[in-house]
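Q: Take a look at the following structure, please.
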Amino acid sequence: MTKIELRPKLVFDYFAEINKIPRPSGHEEKMMAYLQDFARRHNLECRLDETGNVLIRKPATKGYENRKTTVLQSHMDMVCEKIAGLDFDFSKDAIQTKVEGEWMTAQGTTLGADDGIGGAIQLAVLADDTLEHGPLECLFTRSEETSLVGASNLDPHLLKGEYLINLDSEDEGQIFISCAGGGNTRAYFDVDYEAAPKDSFFFKLQVKGLVGGHSGDDIQKKRANSNILLARLMYRFMKKFDMCVADIQSGGLHNAIPRDGYAVCAVPMKYKEDLRVEFNVMTAEFEEEYSVTEKNMQFVLESTDAADRVFTSDLTGRLLRAVLGVQNGVLATSQDIPDFVETSTNLASVKLIDGKIKVSTMQRSNLTSKRLATLDAVSAVFELAGADVEVNNGYPGWYLDPNSEFLKLAVAAYERLFKKSPEVKAIHAGLECGLFSEKYPNMDMVSIGPTLRGVHSPDERLLIPTVQMVWDHVLEILKNIPEK
Ligand SMILES: [Zn+2]
């Protein structure tokens, strides 16, 4: 088998250089120094903002001086994951790449193509004096992988450009034009106890084996939420059998769809059999409701040791009513892109921790007003239930503008090159572009990139031929930037 060529050579050469430079999130100093040195060697203007984001400017090529300024952007840092037992130090060792068929991977570590390949495209554009383009700004941000630190703190006066190409997408042939903003709502219930009633049947109620997933990317996949199934059972038991509760531990991370949970509860002994019947009926209904999406869902009701004390019935009532009453899942889809999730909320966890019951939720929307409205709606329900509510408005989304001038330009360039149309998409999760749009409200942006798979894991791989395609696309866009 003939070995695939790494083209464009200049891009892959720079990718190899970048992969020699350690760049875990929060420790990009060596990368910052490399970029400053690169600018010096190429006689290019270089600026650093206070956060350490690096900007390198390249003047227009002859005849393109009147064009609008375009920003090319990538992030400097990479996720550092390796296979168990591998002797590799991300703070000093170079990534070792290998080629398998059409794919480039690393030997036991993340490849760093997220987003090193974006950076390599920028450096190649800066270094190559044969290209045709207007004034360029290449922005390299810090610590994208740890809550978008560089983009969040980007100096709002650093960029002069009117258009921006974010090079951090993972599917060649797709152009992203919008992302979601995200915020959190946490509710805290003070826990008051009363003595456990005599002659009670204590049981542990468990939901487990759910698929779960990312609370943005997977929220429309019709998967079950363990907190809600648990609360549905508990609410019914409370109403029918006078149930009381001694403990609840359900769900996990704020940005994950919860997969499991349990509660320790009690009902008067006389209801023990009826409880079992109701449990069997309801769980059979749940299996019916999720027969397609949840194949391994399990429910357990088993007797357990009696507790000395239980939550007051007032607290149990307020908690279960709030958890059942609060919205969850997809709340709205886009007016512009069919079936695209615009607004969602995730009931992530309900846990007794340090004498309080903490309920953690996350709200997302591509529209700022809807994100804030959803934060309000979730807060309001928990306030009604008498909880203390803590709201974090979070980070902004990137507003979807289907009439974007730059999008039209990018689509036309793609069609000219490849004789087919790219997919125009929005993402229901955060991207740096959301933060750029907050600091530079008039910036017209698209996000593209070569095809990557298995990102953030040692399986990360780059589809080599798509690098040439993205390179050609970027150059075709740059050639066609309109005049000021
Ligand atoms: Zn990335």
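The values are calculated or read from the model by the stated rules, or taken from the named source; none is laboratory data. Predicted, not measured: the structure shown is a model, and the values here were computed from it. Here the Cβ positions follow ideal geometry from the backbone for every residue, glycine too, while neighbour counts run over all protein chains shown.
Q: Name the pairs whose Cβ atoms lie under 8 Å apart, with the first residue in the range 296-316 and among the hydroxyl-bearing types (Ser, Thr, Tyr), the second in a loop (DSSP other than H, G, I, E, B), and 6 or more positions between them or separate chains?
A: Thr312/Asp192; Thr316/Met243
Q: Here is a follow-up. Please pick out the residue among Tyr290, Tyr271 that is at pLDDT 95 or above and under 17 Å from Asp199 (Cα atoms).
A: Tyr271
Q: While we're on this one: Give all pairs with beta carbons closer than 9 Å in which a residue from the range 222-244 that is assigned by TED's automatic domain parsing to the domain that holds Phe202 and at negative phi meets a residue that is among the β-branched types (Val, Ile, Thr) and in a loop (DSSP other than H, G, I, E, B); count only pairs at least 6 apart in sequence or on separate chains.
A: Note: pairs meeting the criteria are Arg223/Val211; Arg223/Thr293; Ala224/Val211; Ala224/Thr293; Cys244/Thr312.
Q: (1) at pLDDT below 95; (2) away from the ligand (no atom under 16 Å from the Cβ): which one isn't true of Thr61, the others all being true?
A: The failed condition is (1).
Q: Where the second residue is part of a loop (DSSP other than H, G, I, E, B) and of a type in the set (Val, Ile, Thr) and the first is touching a residue at least 12 places away in the same chain (Cβ under 8 Å) and farther than 19 Å from Leu158 by Cβ and lies in the range 28-56, which pairs have Cβ atoms under 9 Å and are six or more apart or on separate chains?
A: Tyr34/Ile21
Q: Shifting gears a bit: Which condition number does Val326 fail, the rest of (1) surrounded by fewer than 19 Cβ atoms within 10 Å (Cβ to Cβ); (2) touching a residue at least 40 places away in the same chain (Cβ under 8 Å) being met?
A: Just one mismatch for Val326, condition (1).
Q: Does the range 138-178 hold any residues that are among the hydroxyl-bearing types (Ser, Thr, Tyr), assigned to a loop (DSSP other than H, G, I, E, B) and farther than 29 Å from Glu390 by Cα, and which are they?
A: Ser169, the sole residue that qualifies.
Q: Could you list, in sequence order, all residues of the range 72-85 that are part of a loop (DSSP other than H, G, I, E, B) and touching a residue at least 24 places away in the same chain (Cβ under 8 Å)?
A: Matches in the range 72-85: Met76, Asp77, Val79, Cys80, Glu81, Ile83.
Q: If you don't mind, another one. Suppose we filter the range 84-105 for residues that are farther than 19 Å from Tyr34 by Cβ, aliphatic (A, V, I, L, M) and surrounded by 13 or more Cβ atoms within 10 Å (Cβ to Cβ); how many remain?
A: Of the residues in the range 84-105, 2 are farther than 19 Å from Tyr34 by Cβ, aliphatic (A, V, I, L, M) and surrounded by 13 or more Cβ atoms within 10 Å (Cβ to Cβ).
Q: Among the numbered conditions (1) surrounded by 19 or more Cβ atoms within 10 Å (Cβ to Cβ); (2) within 16 Å of the ligand (Cβ to nearest atom); (3) modelled with pLDDT under 95, tell me where Thr146 comes up short.
A: (1)
Q: Which residue out of Phe88, Phe38 is away from the ligand (no atom under 16 Å from the Cβ), at negative phi and in a loop (DSSP other than H, G, I, E, B)?
A: Unique residue meeting the criteria: Phe88.
Q: Taking only the range 231-280 into account, find how many residues are surrounded by fewer than 17 Cβ atoms within 10 Å (Cβ to Cβ) and over 33 Å from the mean Cα position of the chain (by Cα).
A: 12
Q: Among the residues of the range 419-446, count how many are of a type outside the set (A, V, I, L, M) and closer than 15 Å to His473 by Cβ.
A: So the answer is 5.
Q: Scan the range 181-195 residue by residue and report those that are farther than 12 Å from Leu352 by Cβ and exposed (fewer than 13 other Cβ atoms within 10 Å of the Cβ).
A: Scanning the range 181-195 gives Asp192, Ala195.
Q: Against the condition surrounded by 13 or more Cβ atoms within 10 Å (Cβ to Cβ), among the hydrophobic types (A, V, I, L, M, F, W, C) and over 23 Å from Ile481 (Cβ atoms), how does Val79 come out, does it pass?
A: yes
Q: Follow-up question, since we're still on this one. Can you give me the number of residues within the range 271-303 that are touching a strand residue (DSSP E or B) at 6+ places or on another chain (Cβ under 9 Å), among the basic types (Lys, Arg) and more than 18 Å from Tyr235 (Cα to Cα)?
A: The total comes to 0.
Q: For Arg23, state whether it is surrounded by 21 or more Cβ atoms within 10 Å (Cβ to Cβ) and either more than 16 Å from the ligand (Cβ to nearest atom) or more than 29 Å from Thr451 (Cβ to Cβ) (or both).
A: Here the answer is no, as Arg23 does not meet what is asked.
Q: At least 1 residues that are of a type in the set (A, V, I, L, M) and not assigned by TED's automatic domain parsing to the domain that holds Leu475 in each: list the helices (runs of 4 or more DSSP H) lying fully within the range 350-452 that qualify.
A: In the range 350-452, the matching helices (runs of 4 or more DSSP H) lie at 368-384.
Q: Take Ile481 and decide whether it is closer than 21 Å to Leu126 by Cβ, assigned to a loop (DSSP other than H, G, I, E, B) and in contact (Cβ under 8 Å) with a residue 60 or more places away in the chain.
A: It is true that Ile481 is closer than 21 Å to Leu126 by Cβ, assigned to a loop (DSSP other than H, G, I, E, B) and in contact (Cβ under 8 Å) with a residue 60 or more places away in the chain.
Q: Return the residues of the range 111-137 that are crowded, with 23+ Cβ neighbours inside 10 Å and either without any contact (Cβ under 8 Å) to a residue 40 or more places away in the chain or within 16 Å of the ligand (Cβ to nearest atom) (or both); say none if nothing qualifies.
A: Leu111, Gly112, Ala113, Asp114, Asp115, Gly116, Ile117, Gly118, Gly119, Ala120, Ile121, Gln122
Q: Let me ask something else about it. Go over the candidates Gly161, Gly101 one by one and state the one that is more than 16 Å from the ligand (Cβ to nearest atom) and either among the basic types (Lys, Arg) or more than 19 Å from Tyr440 (Cβ to Cβ) (or both).
A: Gly101
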